[in-house]
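Structure record follows, encoded as structure tokens.
Just so it is clear, none of the values below were taken in a lab; they were calculated from the coordinates. Predicted model, so just to flag it, every value in this text is computed and none were measured. Ideal geometry is used to build each Cβ from the backbone, glycine not excepted, and the neighbour counts take in all protein chains shown.
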Amino acid sequence: MGKIHSVLAGVAALSLAGGPAMSEPAIIYDIGGKFDKSFNESAYNGAETWKEQANGDYREIELQSEAQREQAIRRLAEAGNNPIAMPGFSFGTPLNTVAPEFPDTKFVIIDMVVDQPNVRSVLFKEHEGSYVVGVLAAMASDSGTVGFVGGMDIPLIRKFSCGYVQGVMETNPDARVIQNMTGTTGAAWNDPVKGAELARAQVAEGADVIYHAAGGTGVGVLQAAADAGVLGIGVDANQNYLQPGSVLTSMVKRVGSAVLSAFSDGPELETGIVEMGFADGGISYALDEHNAPLVTDEMKAAADSAVEKIMAGEIMVHNYLTSDSCPYG
Amino acid sequence: MDFATVIQLLDSTLRLSTPLLLACLAGLYSERAGIFDIGLEGKMLASAFFSAAVAAATGSALIGLAAGTAASLALAALHGLASITFRGNQLISGVAINFLASGLTALIGQNWFKLGGRTPALSGDARFLPIDFYFSDTLSTIPVLGPIYSELLSGHTLMVYVAIAAVPATWWVLFRTRFGLQLRAVGENPEAVDTAGLSVTALRYQASLICGLLCGLAGAYLATGMAAGFIRDMTAGKGYIALAALIFAKWRPGYALLACLLFGLLEAVAIRFQNIDVAGVGTVPVQFMQALPYILTVVILAGFIGKAIPPRAGGEPYSKERA
């Protein structure tokens with residue numbers, strides 16, 4: 001694999017050596033930062049993996065404010081970078097504006113559909129992953145009360161919470177799920193102090209497993225859960241190592257592999273909608289040495305059977321985005 | 001809302017008010033001496049970064065606190081240099097300090113830790129841990145008073161108690177000591193202080209440094225007490241809310257405590273109850289709660305609830321020669 005990539009990259013480099021346009025791939029990180037231990041960091045790791053495998057180089061921009069989105073996409077496209085990846089639903093509107101201006105450049109957006117001929121939209125079945133960690137949360141909870149802390153209050157995060165609640169309720173119909181969102185602006189992705197306060201409030205109400213889908217804010221959620229002696233559940237990247245022994249599992253969304261495959265495909269990548277789930281490894285729940293003592297054999301069996309049933313279509317997990325509502329409260 | 005929820009809410013209020021209170025008292029010393037300080041935010045941020053960075057490196061929250069305070073004092077001295085010695089515009093100097101702190105912390109943080117401007121997560125002795133009062137476990141079973149003692153009063157980090165103790169201490173220093181009288185005089189009528197043979201410059205520098213010290217405590221509390229590490233721009237406007245609280249409190253320590261507790265309570269309520277249903281009005285959105293401290297300050301400034309009169313010589317550099 002690595003060899004083929006490096007050969008391809010070598011060929012690409014040769015063919016471009018004479019031309020002025022450098023066809024380096026590029027990535028734009030969303031607000032929250034490259035090292036949020038979560039969504040953006042996962043994308044960053046994918047880009048770094050490509051760099052090692054293909055021995056290539058890529059450009060990156062870390063956004064500081066909302067106003068820079070369009071400008072950043074345009075700047076990279078004008079500089080001849082191709083393809084340009086952008087993890088984050090917020091890029092939807094600016095990309096829809098900019099993409100038609102650069103018909104020869106390929107764009108990859110993650111978590112959002114942009115209907116343009118030169119855009120690949122990568123979606124993840126987060127609701128299914130959330131369902132499975134919901135099953136684990138319900139089984140790990142002694143109090144019968146579990147919590148959810150979301151980042152910015154947007155339909156995508158509701159998709160996480162809805163799948164999670166369904167997983168909890170179908171495992172333990174008597175369970176109670178406390179849900180909170182951190183805020184309604186981009187700042188909600190990077191506010192660990194507030195995340196910790198929300199987690200403390202949920203613990204005070206009896207929650208003993210708390211799942212977060214809140215980017216950098218989640219670092220505070222996991223911290224507060226560990227401080228209070230309850231369990232947290234990580235998201236996007238494998239966050240089990242952040243508080244070893246206090247993170248039940250992580251709902252891993254391989255944003256990195258979406259970036260890696262986009263970079264590997266290069267300027268010739270296929271556009272259209274790509275949906276990643278359990279079947280292709282885009283979604284999984286994390287098991288490693290940090291959470292091994294927390295996940296019993298019984299829990300693992302239940303989670304694995306849920307994964308199989310989801311793949312076989314025996315469990316239908318509700319997708320919030322299809323109805324803009326969640327039947328599970 | 002039951003009793004346990006109220007206790008939880010007040011407990012959260014205490015935690016959230018602490019950085020505001022420390023920063024507010026910091027501003028109080030500075031402004032009482034006639035130095036306006038927009039740079040509370042920047043000083044807190046610098047202290048938050050250096051306390052977390054040094055605590056991460058040494059594993060000791062106390063050494064971190066010392067480093068954070070030193071950083072804040074350095075910025076306070078810079079503000080003093082610009083606005084007292086060189087008689088520059090105090091507002092501009094303060095704004096510059098905010099920008100400087102915001103940029104420098106991210107830059108140095110990225111250079112040192114390669115974590116995008118954040119410090120590694122702190123654990124164990126690198127953080128200020130909650131202090132449990134004596135008998136808090138045994139007394140918690142007593143109805144009403146038990147939870148108040150063991151949940152609300154006990155179990156906070158050191159800095160929460162320091163902040164509350166700083167309120168009567170500030171009152172005593174400002175209104176019961178010779179130094180306090182001189183400090184207030186230099187903010188009201190520096191010419192008189194000068195005529196009495198005291199150094200306006202020295203007094204104002206002292207006030208600036210006390211301000212730096214308190215901002216240092218506030219920043220260290222944010223990064224090593226409340227959170228477990230520094231993240232970029234983690235002060236998130238707390239310095240400005242503290243300034244608002246200072247105006248709201250009309251530059252008096254007792255009122256400052258009340259104003260900060262009120263603003264902390266609003267924040268705690270906004271965190272816990274995201275949409276509040278008020279009978280007859282409908283749902284109050286969470287954004288309204290978040291904006292309320294600023295709205296209240298504007299109301300005060302407009303003179304609806306009494307008048308807020310700043311120290312008379314505030315914002316004006318003092319020079320001996322009359323122009």
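If you rank B:C215, A:C326 by fewest surrounding Cβ atoms within 10 Å, what's the result? Mind showing how you got there, number by number?
Numbers: B:C215 38, A:C326 18.
Ordered by Cβ neighbours within 10 Å, fewest first: A:C326, B:C215.
Work out Dmax and Rg for segment B:3-301 from the C-alpha atoms and quote the Rg first, both in angstrom.
Rg and Dmax of segment B:3-301, Cα atoms, are 19.8, 63 Å.
Give, rounded to the nearest 20 debye, the magnitude of the charge dipole that segment B:3-301 has about its Cα centre when Lys and Arg contribute +1 at Cβ and Asp and Glu contribute -1 at Cβ. Don't skip to the answer; put the middle values down first.
Working: 16 positive and 14 negative charges, 94 e Å.
Once rounded to the nearest 20, the dipole reads 460 debye.
Return, in residue-number order, each cysteine of the protein assembly as shown whose C-beta is not under 4.7 Å from any other cysteine's C-beta.
Singleton cysteines: B:C24, B:C211, B:C215, B:C260.
About the Cα centre of the protein assembly as shown, how large is the charge dipole given +1 on each Lys and Arg Cβ and -1 on each Asp and Glu Cβ? Please answer in debye to the nearest 20.
Working: 40 positive and 58 negative charges, 570 e Å.
Its charge dipole is roughly 2740 debye.
Which is the longest stretch in chain A that no exposed loop site breaks, taking sites as GluC sites (Glu not before Pro) with a DSSP loop state and at most 13 other Cβ atoms within 10 Å?
A:67-269
Between the DSSP loop rule and a limit of at most 13 other Cβ atoms within 10 Å, which chymotrypsin sites (Phe, Trp or Tyr not before Pro) in segment B:112-209 are left? Display every interim value, and only then the final one.
Values: sites: B:W112, B:F113, B:F128, B:F133, B:Y134, B:F135, B:Y149, B:Y161, B:W171, B:W172, B:F175, B:F179, B:Y205; in loops: B:F128, B:F133, B:Y134, B:F135.
Passing both the DSSP loop test and the Cβ count: B:F133, B:Y134, B:F135.
Structure shown: which of A:K194/A:K309; A:K159/A:K194; A:K159/B:K114; A:K51/A:K159; A:K300/B:K114; A:K125/B:K114 lie over 29 Å apart, alpha-carbon to alpha-carbon?
Values: A:K194/A:K309 37 Å; A:K159/A:K194 22 Å; A:K159/B:K114 33 Å; A:K51/A:K159 32 Å; A:K300/B:K114 36 Å; A:K125/B:K114 32 Å.
Beyond 29 Å between Cα atoms: A:K194/A:K309; A:K159/B:K114; A:K51/A:K159; A:K300/B:K114; A:K125/B:K114.
Could you check the simple spin-label distance between B:L104 and B:W171, using points 7 Å along Cα→Cβ, in nm with one decimal?
Result for the modelled spin labels: 3.6 nm.
Between B:R178 and B:L198, with labels modelled 7 Å along Cα→Cβ, what's the label distance in nm to one decimal, could you check?
Going from the B:R178 label point to the B:L198 one covers 1.0 nm.
Helix A:68-78 sits at what angle to the longest principal axis of chain A, using alpha carbons and giving 0 to 90 degrees rounded to 10?
Helix A:68-78 sits roughly 30 degrees off the main axis of chain A.
Count charges around A:P25 for me, please; just the other residues with Cβ under 13 Å from its Cβ, Lys/Arg as +1, Asp/Glu as -1. Don't skip to the end; give the middle numbers.
Values: positive: A:K51, A:R59, A:K106, A:R120; negative: A:E24, A:E48, A:D57, A:E60, A:D265, A:E268.
Net local charge, A:P25 excluded: -2.
Rank the residues B:I231, B:I271 as a footprinting-exposure proxy: fewest other Cβ atoms within 10 Å of their Cβ go first.
Numbers: B:I231 31, B:I271 24.
If I rank by nearby Cβ atoms, fewest first, I get B:I271, B:I231.
Between A:T296 and A:Q64, with labels modelled 7 Å along Cα→Cβ, what's the label distance in nm to one decimal, could you check?
Those two pseudo-labels are separated by 5.3 nm.
Answer with one residue from A:G147, A:L95, A:V252: the one whose Cα lies farthest towards the positive end of the charge dipole of chain A, charges on Cβ with Lys, Arg +1 and Asp, Glu -1.
Comparing the listed Cα positions along the dipole, A:L95 ranks first.
Which one, B:A77, B:A55, B:Q8, projects farthest toward the positive side of the charge dipole computed for segment B:1-100 from Cβ point charges (K/R +1, D/E -1)?
The Cα lying farthest towards the positive end belongs to B:A77.
Just add up the charged neighbours of B:G88: K/R +1, D/E -1, any other residue whose Cβ is under 15 Å from the Cβ of B:G88.
Numbers: positive: B:R87, B:R204; negative: B:D37, B:E316.
That works out to 0.
Relative to the longest principal axis of the C-alpha atoms of chain B, give the angle of the C-alpha long axis of helix B:61-80, reported between 0 and 90° and rounded to the nearest 10°.
30
Which log10 I(q)/I(0) values does the protein assembly as shown give at q = 0.08, 0.12 Å⁻¹ under the Debye formula, counting every alpha carbon as one identical point scatterer?
Reported log10 I(q)/I(0), two decimals: -0.65, -1.26.
Residues in segment A:105-149, backbone N under 15 Å from the label point at A:T322 (7 Å along the Cα-to-beta-carbon vector): list them, ranges by number please.
A:124-129, A:131
Mind checking the angle between helix A:255-265 and chain A's longest principal axis? C-alpha axes, 0 to 90 degrees, to the nearest 10.
Compared with the principal axis, the helix lies near 20 degrees.
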